Amino acid sequence: MGTPDSSGSRPGRESLVSGYDFALDRFQIEALDALDRGESVLVAAPTGSGKTVIAEYAIACALAEGRRAFYTAPIKALSNQKFSDLRLVHGPENVGLLTGDNVVNADAPVVVMTTEVLRNMIYARSPALDHLAYVVLDEVHFLQDAYRGPVWEEVITHLDHAVQLVCLSATVSNADEVSEWISTVRGTTSCVVETKRPVRLESLYMVGDRTMGRRHLLPVLERARPNPEAQRLDNEGRRMSRKGGRAHARRKLVTPTRLEVVEMLDEERLLPAIYFIFSRNACDDAAAQCHRAHIVLTDAVERRRIREIAEARLSGLSDHDLDVLGVEQFLAQLENGIAAHHAGMIPPFKETVETCFVEGLVKVVFATETLAVGINMPARSVVIEKLTKFTGEHHTFLTAGEFTQLTGRAGRRGIDTEGHAVVLWNPFITFDQVATLVTSRSFHLNSAFRPTYNMAANLVRTYSAEEAHHLLNLSFAQYQADRDLVRIEARIERRSEHLRRLREDAASPFGDIEDFRAQRQHGAVGHGEERDIDLALAKLRPGDVLYVRKGTYSGPAVVLTVAARKSGMKITVLTRSRLEVTFTAADFDRAPVAIGSIELPQPFAPGRPEFQRETLERLARESLRGRDVAPQDAAHGPQTHPVEEDPDLEHRLSLSVQADRVAREIEGLRERVGGRLRSVSRQFDRVLGVLERRGYVSSWVLTERGQILARLFHECDLLVAEALHARLLDGLDAPHLAALVSVFVYEHRSPEPPPEPWFPSGAMRTRFNRISALSQEIRVEEERNGMTPHRAPDPTFVAISYAWASGEGFAEIVDAEDLSGGDFVRTTKQLIDLLRQLALVSPERATRAAAADAADRLFRGVVAASSMVSGVEGEEVEG
């Protein structure tokens, strides 16, 4: 292959791009010129604008030069789709796939993979990186994802600088900043920004008008300004008049029902549509509601084709499993041109919906926002039912970036002259807010980078201390370190005022609402004295003074934190000798009573010497009413609480729960402020300190334990390594090992409490308790060092993974457990991934064999069917 000519264009470029039936746009030509000059490139452009052309050009160049190209994607579904697309262009022999589920033709010159796979290759210094010319980083705006974002920064920072990057991103408002950072890290990187959509987007406002007995579908903007007619209509629905002493809206406006929306879109020829609803259950309900209403959007030919696609896609599933998954209802809706799409569905069901939609057979898909990421499913219209979504803690307003991501699906290039984004009227959102969101162009990309234990181990293994700190200081997080502080501080102030009002409104004149909540939450933890001690601990507040005895210390101590854990209450105190000591109910022989109280210094920073010094000075000034106050006699048996007399108890409890959520949000914001004030290198030093104290690193050399940690890529990496070192995973057969390892993988996210955990034996429960104790030790050390605590182990999936690894059927498990098919498959695949890692790194040969056996046992039935890649029959597909 020749070198670029003086104009920057590579000789022979025409032949490499001749396969397109459209002329290249300005931004595409600019990006190709940058690649021809030997530069990396960041392309920020709307969904469907043709960013893929640039990636395909880089891949064609690599093949023409006899070198390799990697295409990375954030999710396996997108990797699988891109793998299929590239095979059609370059032939099966030239394209491979590497994900956690599949290994296909891994030595091919072009390999599609998840970003994590590439990161692991770099740290392992894999020979697969030899002759690598280009790496495509698709959806690079994922670097702001809290958990997975650091992977993108690791790849960009550590990949050989001779490799050219093709970074593809949604339109972000600080693309220049990102490209300047990449230039700093790797060398010249061109920033190419395209703001124009390939298909014009019209935003519409749909309003149900009961007064007029009709529905309105109005443009949000007229001549680039908020539509005065829509504004007037919204105002009339909100403006109140008084008649007969009562307030009435002048016009009765309502949110159109889902059936009304579908009918109107059909009447206005705005189908096919993706209808975004931020709830899995609501997506299922909406599809079922359309089916019950006998809405049919397909003809006989389309229905036959839908049935053919479904039969082919679902052929790997047994009839029994399909019955449990509700296949008849699914197919009936699908054949009518209607479907749901969300993470609770197993992959074959989702892929069936996607294929039918892409072929124009399904006309309405009710989907959660996960559909907006990556997968190529454009529609004529997109409907956004609400502009707020529940995060698991509170409701938040959609950001401009999220709104743009959702509406990016509207408009099919080459089919539609314009796409439509329909926002529904809502009594809690004004039209002005809708218009502001529609016109906003702000999508600021922020780094979520933080050093992890595995990252630290790999830095120690791969670089000198000076090199490692230098690389960390080049992270995008460090690049952005001192910005946006004022905005965060202002939000802390607003949320603190909201918290004060919530606490005030939640207070009950009948008694202590927090005491009642603590009793109700922890009343079943123990009996007699143990229960009374736990309740007494729950009543304590930071600043309370106790008389404590532990080890050689006895005397007053100040309570720093009070935390509820599954095993009971836990408090951390500061003694006069400046030691932080943790206590649980087991450390007391009777209920502790506060003997005084002090006001703790602000800001709250218990790990800092100046905070501890000031706290103890205040303790010394406090006049304590006694050194050892005997608690009142314990009251045994169930008791009523005075708060139960409050007629507004449920409302106050709801406010108290909201207050807890706001308090956690404020804590998170304060951590963000603290994180910005501290450099990434200092965060790394704290991580390194933990590893040194626990025997993973010594004098910048990995110990044997450190070598294992460096090969464990998992959110709970250090906890897994500690469990291995403590031999808690040894001596188990495959089903028991699968069950125990699941505690590192599963995370209960429902607002409802998890079911009581089940263990196959008392010995397994003991092992879990020891893992939980290890986790608590690590969390105490993390909190003491100002680090973000790792996620605690969760035993909710133990029974499910044990049953599945023991050969029990999918139908029986799903029937018995409150778990969707999609959640079961996703969690089991994550468990298989961790077990396969343990099969490589466990020190004990028998444990390695048991882990491999467990992974094989889990990879069957619906899990195996959900891991297959379409059109790869006859090739090696590794489980």
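The values are calculated or read from the model by the stated rules, or taken from the named source; none is laboratory data. In this text, all values refer to a predicted model and were calculated from it rather than measured experimentally. Ideal geometry is used to build each Cβ from the backbone, glycine not excepted, and the neighbour counts take in all protein chains shown. To get the accessible areas, we keep the full protein, side chains included, count just its heavy atoms, and leave off ligands, DNA and RNA. Shrake-Rupley method; radii C 1.70, N 1.55, O 1.52, S 1.80 Å.
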**Fill in**
Toy charge model, Lys and Arg Cβ at +1, Asp and Glu Cβ at -1: segment 561-625 dipole around Cα centroid in debye, rounded to 20, equals 140
**Prompt:** Let a ≥ b ≥ c be the square roots of the eigenvalues of the Cα gyration tensor of segment 283-390; is it rounded (a/c under 1.5), or, if not, prolate (a/b larger than b/c) or oblate?
**Reply:** rounded
**Message:** Quick check: net charge around THR171, other residues with Cβ under 11 Å of its Cβ, Lys/Arg +1 and Asp/Glu -1?
**Reply:** +3
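Please give the peptides 28-39, 305-316, 94-105 ranked by average Cβ packing (other Cβ atoms within 10 Å per residue), highest first, as a rough proxy for protection.
Per-residue mean Cβ counts within 10 Å order the peptides as 94-105, 28-39, 305-316.
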**Total charge dipole magnitude, segment 817-861, about the Cα centre, Cβ charges on Lys, Arg, Asp, Glu only, Debye to nearest 20** = 240
**Request:** Please report, as a whole percent, how much of the solvent-accessible surface of the chain comes from carbon and sulfur atoms (probe radius 1.4 Å).
**Result:** 49
**Prompt:** ILE415: accessible area at probe 1.4 Å, nearest 10 Å²?
**Reply:** 110
**Item:** Accessible area in square angstrom per residue, segment 263-420, 1.4 angstrom probe
**Value:** 41
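How would you order 109-116, 46-53 from highest to lowest mean count of nearby Cβ atoms within 10 Å?
109-116, 46-53
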**Request:** Mind checking segment 690-797 for chymotrypsin sites (Phe, Trp or Tyr not before Pro) that DSSP puts in a loop (not H, G, I, E or B) and that have at most 16 other Cβ atoms within 10 Å?
**Result:** TRP700, TRP758
**Prompt:** Taking a probe of 1.4 angstrom, what is the accessible area of GLU402 in Å², to the nearest 10?
**Reply:** 60
**Asked** Of LEU774, LEU86, PHE824, whose Cα points farthest to the positive end of the dipole of the chain (charges on the beta-carbon: +1 Lys, Arg; -1 Asp, Glu; origin at the Cα centre)?
**Response** LEU774
**Charge context of ASN227, other residues only, Cβ under 15 angstrom, K/R +1, D/E -1** = -3
**Message:** Within 13 Å, Cβ to Cβ, of ARG304, how many net charges do the neighbouring residues add up to if Lys/Arg are +1 and Asp/Glu are -1?
**Reply:** -3
**Fill in**
Amide H proximity to LEU445 below 5 Å, modelled H, separation 5+ or other chain, gives SER173, ASN174
**Complete:** The set of residues whose placed amide H lies less than 5 Å from the amide H of ARG565, leaving out same-chain residues fewer than 5 positions away, is LYS570
**Request:** Using θ = phi - 60° and the Karplus relation 6.51 cos²θ - 1.76 cosθ + 1.60, list the HN-Hα couplings for segment 441-446 in order, rounded to whole Hz, with x at every Gly or Pro.
**Result:** 10, 8, 9, 8, 8, 10
**Prompt:** Looking at the square roots a ≥ b ≥ c of the eigenvalues of the Cα gyration tensor of segment 75-196, which shape do they give, rounded for a/c under 1.5, prolate if a/b is larger than b/c, or oblate?
**Reply:** prolate
**Asked** Which of the listed residues, ALA563, VAL362, ALA507, is farthest toward the dipole's positive end in the chain, when Lys, Arg count +1 and Asp, Glu count -1 at the beta-carbon?
**Response** ALA507
**Prompt:** Where the only charges are on Cβ atoms (+1 Lys, Arg; -1 Asp, Glu), what is the dipole of the chain about its Cα centre, to the nearest 20 debye?
**Reply:** 2240
**Request:** Past 19 Å, Cα to Cα, is the threshold; run LYS51/LYS363; LYS76/LYS829; LYS51/LYS196; LYS350/LYS829 against it and keep the listed order.
**Result:** LYS51/LYS363
**Complete:** Percent relative contact order for the chain, counting Cα pairs under 8 Å at least six residues apart, stands at 12
**Fill in**
Most packed first (mean Cβ within 10 Å per residue), the peptides 133-146, 181-194, 548-561 order as 133-146, 181-194, 548-561
**Message:** Quick check for you: with a 1.4 Å probe and neighbouring chains kept, what is the accessible area per residue of segment 147-232, in Å²?
**Reply:** 44
**Message:** Report the gain in length on full extension from HIS131 to ASN376: 0.36 nm times residue separation, minus Cα-Cα distance, nm rounded to one decimal.
**Reply:** 85.2 nm
